[in-house]
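Trainee: This is the structure I want to talk about, given as structure tokens.
Quick note: the coordinates plus some simple rules give every number you see, no bench work behind them. The shown structure was predicted, so the numbers you read here are calculated from the model rather than taken from an experiment. Using ideal geometry, Cβ is built from the backbone for each residue, glycine included, and neighbour counts are taken over all protein chains shown.
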Amino acid sequence: MGLAVDFLSFGAHPDDAEIGTGAFLLKMKSRGYRTGMVSLTEGDMGAGTRKLRKREAEEAAKLLEVDAFEMLDLGDTRLEDNFKNRKQVAFLIRKYRPKIVLAPHYAVEPGRGRGHADHIAAGHLVTHAANFAHLEKFPAGGRPHAVQKVLYYFLTPFERPSFIVAVDEELPRAVEAIKAHSSQFGRPGYRSIPGRVQTLARYFGLLIGCTYGQAFYSQEVFRIDDPFLFFQRPEEGEE
């Protein structure tokens, strides 16, 4: 049980989970939850060596204070939602037993950025692996485990999120974790990425009345027992 986490965030490459969920993971950590990150590939098609990318990812994981970090080698630009990969991801879900899993949004148009083929494949792969991880006969090793929710990140201003989490205090620290991937974001043409993350967070923050927000999509409808309490704005200083 020592390995168990409450939130486990999957990214297709080193830096994905940091960009899409880093501030959120910091906030959940500050509230006493256990967190983890998994990179499904070594990012070997990006700049830098595999060894360098792993070292940067480990540094980012430390900055985000996660309780668990794993890096798989399922093939940068070659990531597929297939049976073999589903078993590997399901094994990690059984190993860390998260209540909530986070993954890149799968229903996006292909292209550069969040429409990278690996991001789309990761969304499908993690979703199916999370579903199969609870089946006793699924041959992934470990004890079956049922995830309570799968939440998706990498939303744009053109999409309506299911909810937005206020991350005013955490976003600047998450940006530092993104900058730890200096082989990617320290080179010409990519230095603006951390600033773009901050700008997008400002947009989502405006929608909920705070400075920074991180947005998520859920396939499911949420149950609310007391709408009055749910829709109350926190008093100044309570958030």
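Trainee: Counting other C-beta atoms within 10 Å, which of 34, 196 has the fewest, and how do the rest follow?
Mentor: 196, 34
Trainee: Too long at a 23 Å Cα-Cα cut-off: which of 62/95; 149/179; 29/137; 29/149; 99/137; 54/95?
Mentor: Numbers: 62/95 20 Å; 149/179 29 Å; 29/137 33 Å; 29/149 18 Å; 99/137 21 Å; 54/95 21 Å.
Correct reply: 149/179; 29/137.
Trainee: Rank by packing, highest mean first: peptides 49-55, 162-168, with packing defined as the count of other Cβ atoms within 10 Å averaged across residues.
Mentor: 162-168, 49-55
Trainee: Okay, next question. Nearest-5 percent of antiparallel DSSP beta bridges in the chain? List each step's numbers first, then the result.
Mentor: Details: 5 of 22 bridges.
Bridges in the chain are about 25 percent antiparallel.
Trainee: Can you order the peptides 14-26, 89-101, 214-226 by their average number of other Cβ atoms within 10 Å per residue, highest first?
Mentor: Ranking, from highest mean packing down: 14-26, 89-101, 214-226.
Trainee: Right, something else. Using +1 on the beta carbon of Lys and Arg, -1 on that of Asp and Glu, and nothing else charged, what's the dipole of the stretch 1-152 about the Cα centre, debye to 20?
Mentor: For this selection, approximately 540 debye.
Trainee: Separation of the stretch 148-209 and the stretch 28-52 by C-alpha centroid, Å?
Mentor: The stretch 148-209 and the stretch 28-52 have Cα centres separated by 15 Å.
Trainee: Same structure again: Kindly give the semi-axes, whole Å and largest first, of the ellipsoid equivalent to the stretch 77-155, taking each as the square root of 5 times a Cα gyration tensor eigenvalue.
Mentor: 23, 13, 8
Trainee: For the chain, build the charge dipole from Cβ charges (+1 Lys, Arg; -1 Asp, Glu) around the Cα centre, then report which of 138, 158, 217 sits farthest towards its positive end.
Mentor: Going by the charge dipole, the pick is 138.
Trainee: Given that just one value was derived from the coordinates, which of (1) 26, 23, 17; (2) 31, 19, 16; (3) 30, 23, 16 is semi-axes √(5λ) of the Cα gyration tensor in Å?
Mentor: (1)
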